[in-house]
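Novice: The structure that follows is given in the form of structure tokens.
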Amino acid sequence: MRGLLIALSLFAFVAASPERPLKQLPYTPSLDVPSMDKGADPCVDFYQFSCGNWMVNNPIPSDQARWSVYGKTTNENAQFLWGILEEAADPKAKRTAVQKEIGDYFAACMDEPAIEQLGAKPLKPLLGEIAAVEDVKQLAAFLASEHPRTFGGGWVFGFGSDQDFGDATQVIAEAGAGGLGLPDRDYYTRTDAKSQEIRDKYAAHVTNMLQLIGESAEEAKRDAQSVMAIETALAKASLTRVERRDPYNIYHRMNVAELQKITPSFDWTSYLTKSGLPKTGAINVTQPKFFEAVEGQLASVPLPQWKAYLRWHAVHARAPYLSSKFVQEDFDFYRRTLRGVTAMTPRWKQCVRYVDRDLGEALGQEFVRRTFTADTKKKTVEMTRLIEKAMENEIRTLDWMSAETKGRALEKLHAIVNKVGYPERWRDYRGLEIRRNDFFGNAIRATAFESKRDLGKIGRPVDRGEWGMTPPTVNAYYSPQMNDINFSAGVLQPPLYDPKMDDAPHYGNTGSTIGHELPHASDDEGRQFDAKGNLKDWWTPGDAKAFEERANCVRDQYAQYTVIDDIRINSKLTAGEDIADIGGTLLAYIAWKEATADEDLKPVDGFTPDQRFFIGLAQWACSNTRPEDLRANAITDPHSPPKYRINGVVTNLPQFQKAFHCGDDAPMVNRKECRIW
Ligand SMILES: [Zn+2]
């Protein structure tokens with residue numbers, strides 16, 4: 001195949017050359033025969049058969065925790081964006097308002113000498129604010145001003161807006177668990193030696209950071225202990241990721257007075273007034289028990305220890321925008337220790353990420369204009385339609401679901417909104433001041449700008465056109481509250497979506513991704529929301545029980561797979577994704593058969609059409625992962641490791657068994673077939 005040869009030479013070239021700005025996205029086909037290990041037996045280890053040579057030929061780059069087809073595509077998109085940003089950063093060029101915004105942000109981020117010269121100076125005003133806090137009672141006012149300037153819920157708790165679980169048409173306020181410096185509450189509660197070692201290294205990192213802002217070694221060590229004590233108390237009161245999969249566990253609609261009653265030591269009136277929300281009505285207090293712990297800490301921890309906690313979070317949140325010694329120390333713990341990465345992300349890549357994070361829909365416009373064709377949109381919309389039709393037929397013929405529940409499942413399926421490529425209306429960044437010589441200020445102002453937009457939604461109807469992902473992102477998602485599926489332009493690029501390829505690998509790869517999002521509407525979490533996105537039980541008790549039995553089949557199957565050492569998949573956490581993987585592949589297969597019903601499909605490269613569908617499927621997931629990253633993902637990632645996202649799926653599909661003539665006792669044949677859809 002000609003296309004394949006071109007791709008191969010290009011691939012070798014890319015691998016051998018250093019990263020550079022790209023004028024064009026490179027092409028790798030969505031079925032890549034040289035990446036296979038044809039010596040492996042597909043019925044023994046299908047992932048090895050499909051990805052064996054990919055794994056050998058694609059060692060993990062030193063700045064990455066894992067390397068995968070998705071990761072490579074993300075990296076290529078980043079290099080392409082780099083090219084766009086370099087052009088946009090030229091002050092002499094004729095630039096549109098959008099190009100000036102993203103170009104100046106990028107230029108400021110790349111100006112390392114200026115950043116280096118400032119050292120810790122940009123942190124001074126915030127440290128001054130912390131020093132001025134005279135009483136624990138003043139924490140409310142302090143957090144109200146600081147929360148909007150920091151991403152996520154790093155400071156004591158998280159506060160923002162969310163769609164009301166009970167009324168999907170409205171946005172309400174949400175106060176959630178947070179306040180931790182480690183990636184998950186489990187890091188604080190596990191008692192094994194490895195977890196203790198990570199906690200010790202974390203405390204050392206906190207100590208180092210505090211020394212970088214001028215504390216003595218002794219002071220910093222003592223302060224790190226205070227930080228650990230407060231964070232451990234908050235972590236212990238936080239729900240686990242598995243508990244949070246049940247939406248009823250994280251939905252507690254209250255008024256301000258009720259929340260005030262849980263936390264008498266925190267002045268919510270002051271917090272909300274200062275946040276510009278004096279008339280806040282309903283608040284979803286996701287975890288009331290967490291806020292009880294916040295109260296316990298506020299009432300008992302002396303002010304100096306709180307200030308130590310605040311200083312740590314001040315430097316932690318701002319470290320990436322400061323001089324190299326802060327960036328290096330931050331890297332050493334979060335990337336090297338936690339993920340096993342050996343080299344820092346190159347500056348250009350980090351700056352591309354910041355532009356994408358802070359001005360994503362401005363940068364996205366430039367990306368989409370150059371990469372996303374009307375033809376790709378048309379074809380993927382059609383593919384989605386066929387896969388939804390397959391889901392409809394599957395629901396109609398299910399033998400374990402009653403007519404009543406089927407009716408509601410179909411109603412929900414028909415209500416799903418498909419968003420493909422990019423939003424219909426672009427977000428407007430006017431009002432956000434970007435200065436060419438102030439990276440630190442830009443990052444903080446952009447965060448505050450986004451926070452203002454987020455809080456501004458409270459008390460208003462939901463905007464159903466909004467996207468939760470920027471266009472260059474290589475990913476897709478389903479939102480149970482919006483009841484929509486979203487495929488960004490970034491994920492609809494080769495080798496994932498490959499317009500040069502025929503339908504077999506196409507449906508196996510992108511088709512399975514589209515298919516994957518549909519069962520999310522009815523996985524262990526999604527099934528609790530109705531067609532409109534309201535948290536409402538629409539299942540008969542018998543059908544709910546039948547579903548759970550089938551979900552348990554999947555949980556039991558995946559619980560047997562080892563991630564690393566003696567750590568098995570936490571299948572209570574991954575069940576939703578595993579169900580989506582199994583169901584999505586089947587839907588894509590059925591849709592592919594429908595799309596090609598009139599065609600006379602022939603073998604290619606010695607593989608039958610059915611075999612090519614499955615190889616196309618497996619090759620989206622080819623990857624290598626560092627042991628540290630596997631360990632961290634086992635705690636935080638709701639997806640199973642890539643190998644099992646393929647082998648775990650095909651073992652449940654008789655279509656696969658038939659395609660590769662696997663015997664009934666082959667390892668890739670699940671004796672107890674798990675099937676929901
Ligand atoms: Zn998913």
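Novice: Counting only residues that are assigned to a helix (DSSP H, G or I) and either surrounded by fewer than 16 Cβ atoms within 10 Å (Cβ to Cβ) or of a type outside the set (A, V, I, L, M) (or both), how many does region 422-453 have? Spell out the reasoning first.
Specialist: Of the residues in region 422-453, the ones assigned to a helix (DSSP H, G or I) are 439-453.
Narrowing further to those that are either surrounded by fewer than 16 Cβ atoms within 10 Å (Cβ to Cβ) or of a type outside the set (A, V, I, L, M) (or both): 439-442, 445, 447, 449-453.
Number satisfying all stated conditions: 11.
Novice: Among (1) surrounded by 14 or more Cβ atoms within 10 Å (Cβ to Cβ); (2) over 21 Å from Gly515 (Cβ atoms), there is one condition Ala374 misses while meeting the rest; what is its number?
Specialist: For Ala374, the exception is condition (1).
Novice: Something else: From Asp90, Asp63, grab the single residue that is in a loop (DSSP other than H, G, I, E, B) and in contact with a Pro (Cβ under 8 Å, 6 or more places away or on another chain).
Specialist: Details: Asp90 fails: in contact with a Pro (Cβ under 8 Å, 6 or more places away or on another chain).
Going through Asp90, Asp63 in turn, just one is in a loop (DSSP other than H, G, I, E, B) and in contact with a Pro (Cβ under 8 Å, 6 or more places away or on another chain): Asp63.
Novice: Continuing with the same structure: Among the residues that make up region 299-318, is at least one of them open to solvent by less than 10 Å² (accessible area, probe 1.4 Å), closer than 20 Å to Thr150 by Cβ, touching a Leu at 6+ places or on another chain (Cβ under 6 Å) and hydrophobic (A, V, I, L, M, F, W, C)?
Specialist: So far as region 299-318 goes, yes, one or more of its residues are open to solvent by less than 10 Å² (accessible area, probe 1.4 Å), closer than 20 Å to Thr150 by Cβ, touching a Leu at 6+ places or on another chain (Cβ under 6 Å) and hydrophobic (A, V, I, L, M, F, W, C).
Novice: Something else now. Would you check which residues across region 363-417 are assigned to a loop (DSSP other than H, G, I, E, B) and more than 25 Å from the chain's Cα centre (by Cα) and list them? Steps first, please.
Specialist: Filtering region 363-417 down to residues assigned to a loop (DSSP other than H, G, I, E, B) leaves 372-373, 398-402, 416.
Hits for region 363-417 are Thr373, Leu398, Asp399, Trp400, Met401, Ser402.
Novice: Select from region 77-100 the residues that are open to solvent by 20 Å² or more (accessible area, probe 1.4 Å) and hydrophobic (A, V, I, L, M, F, W, C) and write down the one among them that is nearest to Arg369 (Cα to Cα).
Specialist: Filtering region 77-100 for residues open to solvent by 20 Å² or more (accessible area, probe 1.4 Å) gives 82, 86-87, 90-100.
Pick out the ones that are also hydrophobic (A, V, I, L, M, F, W, C) and you get 82, 93, 97-98.
Details: Trp82: 15, Ala93: 19, Ala97: 16, Val98: 13 Å.
Filtering region 77-100 for residues that are open to solvent by 20 Å² or more (accessible area, probe 1.4 Å) and hydrophobic (A, V, I, L, M, F, W, C), the one nearest to Arg369 (Cα to Cα) comes out as Val98.
Novice: Considering only residues that are of a type in the set (A, V, I, L, M) and open to solvent by less than 10 Å² (accessible area, probe 1.4 Å), look in region 134-170 and name the one that is nearest to Leu239 (Cα to Cα).
Specialist: As a first pass, look at region 134-170 and keep what is of a type in the set (A, V, I, L, M): 136, 139-141, 143-144, 156, 168.
The next check asks that each one be open to solvent by less than 10 Å² (accessible area, probe 1.4 Å); those that pass are 139-140, 143-144, 156, 168.
Numbers: Leu139: 24, Ala140: 23, Leu143: 22, Ala144: 24, Val156: 15, Ala168: 24 Å.
Taking the candidates together, the pick is Val156.
Novice: Only one of these is in contact with a helix residue (DSSP H, G or I) (Cβ under 8 Å, 6 or more places away or on another chain), within 30 Å of Thr596 (Cβ to Cβ) and open to solvent by 10 Å² or more (accessible area, probe 1.4 Å): Glu382, Glu329, Glu392. Name it. Lay out the reasoning, then the answer.
Specialist: On the way: Glu382 fails: in contact with a helix residue (DSSP H, G or I) (Cβ under 8 Å, 6 or more places away or on another chain); Glu329 fails: within 30 Å of Thr596 (Cβ to Cβ).
So the residue among Glu382, Glu329, Glu392 that is in contact with a helix residue (DSSP H, G or I) (Cβ under 8 Å, 6 or more places away or on another chain), within 30 Å of Thr596 (Cβ to Cβ) and open to solvent by 10 Å² or more (accessible area, probe 1.4 Å) is Glu392.
Novice: Additional query: If you go through region 43-67, how many residues are open to solvent by less than 20 Å² (accessible area, probe 1.4 Å) and not hydrophobic (A, V, I, L, M, F, W, C)?
Specialist: 5
Novice: Only residues in region 210-239 that are open to solvent by 60 Å² or more (accessible area, probe 1.4 Å) count as the first member; pair them with residues that are among the hydroxyl-bearing types (Ser, Thr, Tyr) and part of a helix (DSSP H, G or I), Cβ under 6 angstrom, at least 6 apart or cross-chain, and list the lot.
Specialist: Every condition considered, the pairs that remain are Lys221/Thr207.
Novice: Pick from region 180-206 the residues that are without any contact (Cβ under 8 Å) to a residue 60 or more places away in the chain and open to solvent by less than 20 Å² (accessible area, probe 1.4 Å): which of them is nearest to Arg335 (Cα to Cα)?
Specialist: Leu182
Novice: Kindly indicate which of Arg568, Arg612 is open to solvent by 20 Å² or more (accessible area, probe 1.4 Å), at pLDDT 95 or above and not hydroxyl-bearing (Ser, Thr, Tyr).
Specialist: Numbers: Arg612 fails: open to solvent by 20 Å² or more (accessible area, probe 1.4 Å).
Result: Arg568 is the single residue among Arg568, Arg612 that is open to solvent by 20 Å² or more (accessible area, probe 1.4 Å), at pLDDT 95 or above and not hydroxyl-bearing (Ser, Thr, Tyr).
Novice: Consider region 636-670. How many of its residues are open to solvent by 20 Å² or more (accessible area, probe 1.4 Å) and under 19 Å from Ile569 (Cβ atoms)?
Specialist: Of the residues in region 636-670, 11 are open to solvent by 20 Å² or more (accessible area, probe 1.4 Å) and under 19 Å from Ile569 (Cβ atoms).
Novice: Here is a further query. Is it fair to say Thr380 is farther than 23 Å from Met482 by Cα and hydroxyl-bearing (Ser, Thr, Tyr)?
Specialist: Details: farther than 23 Å from Met482 by Cα: no; hydroxyl-bearing (Ser, Thr, Tyr): yes.
Answer is no for this residue.
Novice: Anything in region 246-272 that is open to solvent by less than 30 Å² (accessible area, probe 1.4 Å) and in contact (Cβ under 8 Å) with a residue 40 or more places away in the chain? List them, or say none.
Specialist: Pro247, Leu259, Phe266, Trp268, Tyr271, Leu272
The rows are residues; the columns are (1) outside any loop (DSSP other than H, G, I, E, B); (2) among the hydrophobic types (A, V, I, L, M, F, W, C).
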position: Ala168; (1), (2): no, yes
position: Gly176; (1), (2): yes, no
position: Leu180; (1), (2): no, yes
position: Glu197; (1), (2): yes, no
position: Asp200; (1), (2): yes, no
position: Asn249; (1), (2): yes, no
position: Lys279; (1), (2): no, no
position: Asn284; (1), (2): yes, no
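Novice: Of a type in the set (S, T, N, Q), under 29 Å from Ser275 (Cα atoms) and crowded, with 19+ Cβ neighbours inside 10 Å: which single residue out of Thr405, Thr470 fits that description? Please lay out each step first, then the result.
Specialist: Working: Thr405 fails: under 29 Å from Ser275 (Cα atoms).
Sole residue among the options that is of a type in the set (S, T, N, Q), under 29 Å from Ser275 (Cα atoms) and crowded, with 19+ Cβ neighbours inside 10 Å: Thr470.
Novice: Determine the pairs where a residue that is away from the ligand (no atom under 16 Å from the Cβ), located within region 639-666, has a partner that is part of a loop (DSSP other than H, G, I, E, B) and of a type in the set (S, T, N, Q) with Cβ atoms under 7 Å apart, the partner being 6 or more residues away or on another chain.
Specialist: Between residues of region 639-666 that are away from the ligand (no atom under 16 Å from the Cβ) and residues that are part of a loop (DSSP other than H, G, I, E, B) and of a type in the set (S, T, N, Q), the close pairs are Thr651/Asn670; Asn652/Asn670; Ala659/Thr608.
Novice: At least 2 residues that are away from the ligand (no atom under 16 Å from the Cβ) in each: list the helices (runs of 4 or more DSSP H) lying fully within region 502-609 that qualify.
Specialist: Details: elements: 503-506, 512-517, 541-559, 571-595.
Counting at least 2 such residues, we get 503-506, 541-559, 571-595.
Novice: While we're looking at this one, here's another question. State whether one or more residues within region 454-473 are part of a loop (DSSP other than H, G, I, E, B), within 16 Å of the ligand (Cβ to nearest atom) and touching a helix residue (DSSP H, G or I) at 6+ places or on another chain (Cβ under 6 Å). It would help to see each step written out before you state the result.
Specialist: Of all residues in region 454-473, those part of a loop (DSSP other than H, G, I, E, B) come to 456-460, 462-473.
Narrowing further to those that are within 16 Å of the ligand (Cβ to nearest atom): 468-469, 473.
Next cut, touching a helix residue (DSSP H, G or I) at 6+ places or on another chain (Cβ under 6 Å) only: 473.
Scanning region 454-473, I find at least one residue that is part of a loop (DSSP other than H, G, I, E, B), within 16 Å of the ligand (Cβ to nearest atom) and touching a helix residue (DSSP H, G or I) at 6+ places or on another chain (Cβ under 6 Å), so the answer is yes.
Novice: Pairs please, first residue from region 519-536 and among the charged types (D, E, K, R), second anywhere and open to solvent by 20 Å² or more (accessible area, probe 1.4 Å) and within 15 Å of the ligand (Cβ to nearest atom), Cβ atoms under 6 Å, 6+ apart in sequence or on different chains.
Specialist: Sorted first by the residue in region 519-536, then by its partner, the pairs are Glu525/Arg245.
The values are calculated or read from the model by the stated rules, or taken from the named source; none is laboratory data. As the structure is a prediction and not an experimental result, all values here were calculated from the model. Here the Cβ is made from the backbone with ideal geometry for all residues, glycine too, and neighbour counts use every protein chain on show. Ligands, DNA and RNA are stripped out before the accessible areas are found, and what is left, the full protein with its side chains, is counted by its heavy atoms. Shrake-Rupley method; radii C 1.70, N 1.55, O 1.52, S 1.80 Å.
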